[in-house]
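K.L.:
Starting off with a structure, shown below.
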Amino acid sequence: MTFVSYEFIGFMGAALAIYYGCRQRFRVAVLFAASAVLLWLSGGPESVAAYGFSAVTVWAGALGIESSRKRAAVIYWCIFTLNLALLALFQYVNFFGYTMKEIHWLMGTEWEWEPVSLIAPVAVSFYTLTLTGYLTEVYWGALPAEKSLMRLGLFGGFFPQMAMGPIARYDRLAPSLFAGSAFDKENLFQGFSRILWGLFEKLVISERLAMIVNTVYGDYQTYTGSFLVFGAVCFAFRLYTDFAGAIDIASGCARMFGVKLEENFRQPFYSRTVAEFWRRWHITLGGWFKDFLMYPMLKTAGFQSLGAWGKKRFGKKQGKKIPVIGALLIVWFLLGLWHGGKWTFIIGSGLYHGILMSLALAAEPAAKKFYKNTGIRQDHPLWILFQRARTFVLVGAGFVLFRSDSLEMAWGIFSNMFSGDMGLFSGEGIRSVGLLPADLAVLAAAMAVLWLVSYKKEHGGEDAFNRSFTQIRILALLSAVLIFGWYGKGYDPSAFIYAQF
């Protein structure tokens, strides 16, 4: 069962009725039961068992850490390692095979192998980070251990956010999650409007863009030059509207229960640098790796020694960047690996971006000289537009790797982009990429709406976004989803991209 299904609509209706129909003291139990039922329906008993194992071990481990500080380190590392091992079992079982395949391609040889078919539990990547983050904060003494197994289980497995995030932090989610909120029409209205916006992103925009991307990338030897560039642009917006749409649906569902989830996107395509882009895209994932990996890593003796060496070798200002660059590369390698055991993920969602940010950090003195010598105003609208376009191109190149099945496919796409074929703008052109003219017109209009909403949020904040949803606009949005939602060839309501991680 997924967000975009009649079954989920019925499930939400029943859950809301029971939640607000029972006494306040039972509402946490209702949410816990609803989350367990949806996990069972979505992933079967195997997913329930896998999540139950993680939740119970983390719950017991946190209590053990709090009750015995002498054994805290041993307990923490045992539970932490056990949960990461479970994640690795399902996510990286084929890592060696994929690696050997890429090595043989680089060497110009063939290597045949059969990937191991092992179906991962639903949301294992997301709830592993959520639960281990909580365990780490208990270990650091930043949080008291949760005594109730049911409450801890609900925190890690709250059904709107479990499958695709946002990745929860206990101190930020618990107050509204365990409050047992009273019935509030405003919560229902704001939640429903956000769900509609998410459906608009997913069904009206993302599914149409998917048709273009699948058509072009599915035959990248034929669709060369301008077609592949267009496909890359479409995939960047396809990925955004798919993932952001899922998060908006999740946030809307949670809001209907009076629960506020963290924001996971903040208009990423307004970013002027790659670093800023990743502060606006999948915010909770980046925050998790920054707080639980990068900062602790920089405090270790090894990185402190690396900083001292850097200052002696390159001077104080540049030398202190050496350990930061080293930590960036490690963190971004692991961020890419979190997406899956393929090198297209490790590079396209990880190392590539870490290298770009490291180069930008090292080049700061040169950038200051450039602005001083040229007299370019950094706040000039044309310069800001250039920086945003440059960032989009750099990030979009990484998304090509992310979308590719192998490094060979990514290389083929990049190579064929520069074939000089400008056929997109002549003859059949854009009409040959999988959509009829009417669908292209709907897509163009929907993209204009997306831009207007993003502009309003960027300049007016989330409150301005919420205020824009009047009853009339809600009806217009609902009509757009029902009339223009993509239900044709290739439509799969369960095919949220990040649901696979």
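K.L.:
Compute the length gained on full extension between Leu334 and Tyr6: take 0.36 nm times their separation in residues and subtract their Cα-Cα distance, giving the result in nm to one decimal. Working shown, then result.
P.N.:
Working: separation 328, 0.36 × 328 = 118.08 nm, distance 3.70 nm.
Once the chain is fully extended between Leu334 and Tyr6, it gains 114.4 nm.
K.L.:
Give the average over all directions of the projected area of the C-alpha convex hull of the chain, one decimal, in nm². Show your work: numbers first, answer last.
P.N.:
On the way: hull surface 106.8 nm².
Its Cα hull, projected and averaged over all orientations, spans 26.7 nm².
K.L.:
May I ask you to list the lysines whose Cα is less than 29 Å away from that of Lys457, ignoring any residue fewer than eight positions away on the same chain?
P.N.:
Partners within reach: Lys185, Lys202, Lys260, Lys290.
K.L.:
Could you rank Asp291, Asp242, Asp219, Asp379 by how accessible they are, 1.4 Å probe, largest area first? Don't skip to the end; give the middle numbers.
P.N.:
Values: Asp291 40, Asp242 0, Asp219 60, Asp379 95 Å².
Accessible-area ranking of Asp291, Asp242, Asp219, Asp379, largest first: Asp379, Asp219, Asp291, Asp242.
K.L.:
Let me ask you something else. By how many nm would the segment from Arg69 to Glu46 grow when fully extended, if each residue of separation counts as 0.36 nm and the alpha-carbon distance is taken off? Mind showing how you got there, number by number?
P.N.:
Values: separation 23, 0.36 × 23 = 8.28 nm, distance 3.40 nm.
Full extension from Arg69 to Glu46 adds 4.9 nm.
K.L.:
Here is a follow-up. For Lys147 and Ala182, what is the calculated FRET efficiency with R₀ set at 22 Å and r taken between the beta-carbons, to the nearest 0.05? Kindly include the intermediate steps, with their values, before the conclusion.
P.N.:
Values: r = 25 Å, r/R0 = 1.13.
Between Lys147 and Ala182 the formula returns 0.30.
K.L.:
List the residues of the stretch 218-256 whose backbone N lies under 17 Å from a point placed 7 Å from the Cα of Trp411 along the Cα-to-Cβ direction.
P.N.:
Answer for this model: 220-221.
K.L.:
For the chain, what is the mean residue ellipticity at 222 nm derived from helices alone (per DSSP H run of n ≥ 4: -39500 (n - 2.57); sum divided by total residues; nearest 500 deg cm²/dmol)? Working shown, then result.
P.N.:
Values: 24 runs with 344 residues, N = 501.
One gets -22500 deg cm²/dmol as the mean residue ellipticity at 222 nm.
K.L.:
Would you check the accessible area of Met211, probe 1.4 Å, heavy atoms only, in square angstrom rounded to 10?
P.N.:
Near enough 30 Å² of accessible area.
K.L.:
Within the chain, which is the longest segment containing none of the trypsin sites (Lys or Arg not before Pro) that sit in a DSSP loop and have at most 12 other Cβ atoms within 10 Å? Intermediate values should be presented prior to the final figure.
P.N.:
Details: sites that count: Arg23, Lys147, Lys299, Arg377, Lys489.
Result, exposed sites excluded: 148-298.
K.L.:
Straight-line reach from Lys312: which lysines have Cα under 22 Å away, leaving out those fewer than 8 places along the same chain?
P.N.:
Those lysines meeting the cut-off are Lys299, Lys320, Lys321.
K.L.:
Report the label-to-label distance for Leu89 and Ala362 in nanometres (one decimal), using points 7 Å from each Cα along the Cα→Cβ vector.
P.N.:
For the pair Leu89/Ala362, the computed spacing is 4.1 nm.
K.L.:
Right, another one. Compute the longest continuous run of the chain that contains no exposed GluC sites (Glu not before Pro); treat a site as exposed when its DSSP state is not H, G, I, E or B and it has at most 12 other Cβ atoms within 10 Å.
P.N.:
Working: sites that count: Glu110, Glu112, Glu428.
The answer is 113-427.
K.L.:
Taking amide H positions as placed in the peptide plane 1.01 Å from N, state which residues far from Phe265 in sequence (5 or more) or on other chains have amide H under 5 Å from it.
P.N.:
Ile283
K.L.:
I want to check the label-to-label distance for Leu452 and Phe26. Put each point 7 Å from Cα in the C-beta direction and report it in nm to one decimal.
P.N.:
Inter-label distance under the simple model: 4.6 nm.
K.L.:
Same structure, new question: Rounded if a/c is under 1.5, else prolate if a/b is larger than b/c, else oblate: which is the stretch 97-237, with a ≥ b ≥ c the root eigenvalues of its Cα gyration tensor?
P.N.:
Details: a/c = 3.30, a/b = 1.51, b/c = 2.19.
Oblate.
K.L.:
Also, I was wondering about something else. Tell me, what ³J(HN,Hα) does each residue in the stretch 94-101 have, in order and in whole Hz, if you take phi through Karplus 6.51 cos²θ - 1.76 cosθ + 1.60 with θ = phi - 60° and put x for Gly and Pro?
P.N.:
9, 4, 4, x, 4, 5, 5, 4
K.L.:
Using +1 at the C-beta of Lys and Arg and -1 at the C-beta of Asp and Glu, which of Leu82, Thr132, Ile103 has the Cα lying farthest in the positive direction of the dipole of the chain?
P.N.:
Looking along the dipole axis, the top candidate is Thr132.
K.L.:
Report, ordered by chain and residue number, the lysines lying within cross-link reach of Lys101, taken as a straight Cα distance under 28 Å and ignoring same-chain residues fewer than 8 apart.
P.N.:
Partners found: Lys342.
K.L.:
Okay, moving on. Which FRET efficiency value, to the nearest 0.05, do you get for Lys260 and Glu110 by plugging their Cβ-Cβ distance into 1/(1 + (r/R0)^6) with R0 = 51 Å?
P.N.:
Working: r = 53 Å, r/R0 = 1.04.
Once rounded, the FRET efficiency stands at 0.45.
The values are calculated or read from the model by the stated rules, or taken from the named source; none is laboratory data. Being a predicted model, the structure only gives us computed values, none of them experimental. Virtual Cβ from ideal backbone geometry, glycine too; neighbours counted across all protein chains shown. Side chains are part of the model used for accessible areas, which takes the heavy atoms of the whole protein and leaves out ligands, DNA and RNA. Shrake-Rupley method; radii C 1.70, N 1.55, O 1.52, S 1.80 Å.
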